[in-house]
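Let me begin by presenting the structure, written as structure tokens, before commenting on it.
The values are calculated or read from the model by the stated rules, or taken from the named source; none is laboratory data. Here the structure is a predicted model, which means the values were calculated and not measured. No Cβ is skipped: glycine too gets one built from the backbone with ideal geometry, and neighbour counts run over all protein chains shown.
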Amino acid sequence: MTDRLTTAVAIIGSGPSGLMLGQLLHRAGVDAVVIDNKSREHILGRIRAGVLETVTVDVLDDAGASERLHEQGLVHRGINLAFDGGLHRIDFEALTGRHVVVYGQTELTRDLMEVRSASGAASVYDAQDVRIEGFESAHPVVRYRKDGTEQELRSDFIAGCDGFHGVCRQSLPSQSYKTYERIYPFGWLGLLSDTPPAADELIYVNHERGFALCSMRSHARSRYYLQCTQHERVEEWPDDRFWAELKRRLDPQLGERLMTGPSIEKSIAPLRSFVVEPMQFGRLFLAGDAAHIVPPTGAKGLNLAASDVRYLSRALTQFYRNGDSHELDRYSERCLRRVWLAERFSWWMTSLLHRFADAGDFGARIQRAELEYLVRSRAAAVALAESYVGLPLED
Ligand code: RFL
Ligand code: PHB
């Protein structure tokens, strides 16, 4: 037996991309169903991004999911770069007149899930064996199993918001796209703890033992990262070892002030740059991590997901309002311009701050010169700041 359903847009993936798109479409009166192969609890257990550009906050405002973000999000007007024992502030407000907001991806996802269920819009969790078909025609179909019953969802469009390992990009015919990729020879070991943050703003650390980052989720919850090798396992990093290594990478004064405590989450993420071109095939549109990955150093992944979804929701809304597919046709080209600028920035921040085994002493000196240049030259600092706070969207 097969249950049959129909909608305008089938959204595969209930991460930030899928949920933001779902809410923007709902508010524009376009029907959509969100399908994820994991449970709500599993999705909310992922600890990921923490830094939101204004563009992302605007999307959440438009999605009607920003009340808690405005109450609890922390406005950050700059970041700190630590190298050679010194701490140097990059003042976003002075350099660009703009800022970022620190608010966890977990909270943002929870807010979006809540507004979605309050609005009565349809979501399916724990869907098994999700498959997409017919997107090269005018009648795409999504098939999956739910509680043992085969389901068929017919739609006008499919939005592939199912992350890097999802099924949508993998369903493209192999001759229809090209990928661009760089895998970095290290990872990030992250630790979350209910301890007050090391400082009021984020600290990006370039150290001979490797990169470190002091970040936060609130005034009482901290997030720290250490550059580690690709082969390390979380089990090799008991909390004591993590805190000791972090202190070694911070200058002694800051290390002494660092408040440590038991971890509430610890995980290792590999670092990768990846882009698929184009981001559209027939009636399948890819958005967010399904189409591109950046190393987390520039804090761009979630923000790129928000800008893709902004373009896609406008294009779909225009199609349903007046039958105009002009914006849908421009979707991939428009997104990719912004994607590549963020790819460049994330690659550059990664190159600037991490220890690369094969770069040797020369590489370390070049990094130091580049960091010196950043703190001495307003032009160099503006270049960092304007990308970090987020480049403007095209009209
Ligand atoms: P997600 O979040 O991976 O969600 C995809 C959803 O699709 C589901 N799915 C499927 N559903 C149905 N069928 C299938 N076959 C499916 N396969 C997968 C999954 O269950 C999931 O729910 O992708 P999305 O929505 O595009 O969101 C992207 C962001 O999650 C990602 O870019 C950011 O987390 C990246 N990132 C950061 N971005 C920022 O903008 N600022 C940051 O400060 C920042 N820090 C980070 C980060 C990512 C990190 N990691 C772990 C890679 C820090 C870290 C450590
Ligand atoms: C985080 O808080 O998780 C975070 C912040 C800044 C980054 C990456 C991750 O560049």
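Just a few scattered comments:
- Yes/no for TRP243 being under 19 Å from the mean Cα position of the chain (by Cα), at pLDDT 95 or above and not in a loop (DSSP other than H, G, I, E, B): no
- The stretch 56-78: number of residues that are crowded, with 18+ Cβ neighbours inside 10 Å and away from ligand 2 (no atom under 16 Å from the Cβ): 5
- Count of the stretch 19-47 residues which are touching a Ser or Thr at 6+ places or on another chain (Cβ under 9 Å) and either assigned to a helix (DSSP H, G or I) or farther than 15 Å from ALA127 by Cα (or both): 20
- Hits in the stretch 2-56 (condition: among the hydroxyl-bearing types (Ser, Thr, Tyr), more than 22 Å from ARG169 (Cα to Cα) and touching a Leu at 6+ places or on another chain (Cβ under 8 Å)): THR6, THR56
- Pick from the stretch 330-351, criterion more than 20 Å from ARG314 (Cβ to Cβ) and not hydrophobic (A, V, I, L, M, F, W, C), ranking: farthest from ligand 1 (Cβ to nearest atom): SER351
- Any hit, the stretch 357-366, residues being touching a helix residue (DSSP H, G or I) at 6+ places or on another chain (Cβ under 7 Å) and either of a type in the set (D, E, K, R) or surrounded by 14 or more Cβ atoms within 10 Å (Cβ to Cβ) (or both): no
- Cross-chain or 6+ apart pairs with Cβ under 7 Å, the stretch 352-376 first and closer than 17 Å to TYR184 by Cα, then β-branched (Val, Ile, Thr) and assigned to a helix (DSSP H, G or I): LEU353/THR297
- A single member of GLU265, GLU256, GLU235, GLU245 is within 13 Å of ligand 1 (Cβ to nearest atom) and either under 25 Å from PRO197 (Cα atoms) or of a type in the set (S, T, N, Q) (or both), and it is GLU265.
- Qualifying strands (runs of 3 or more DSSP E) (wholly inside the stretch 65-120; at least 1 residues being among the polar types (S, T, N, Q) and in contact with a His (Cβ under 7 Å, 6 or more places away or on another chain)): 78-83
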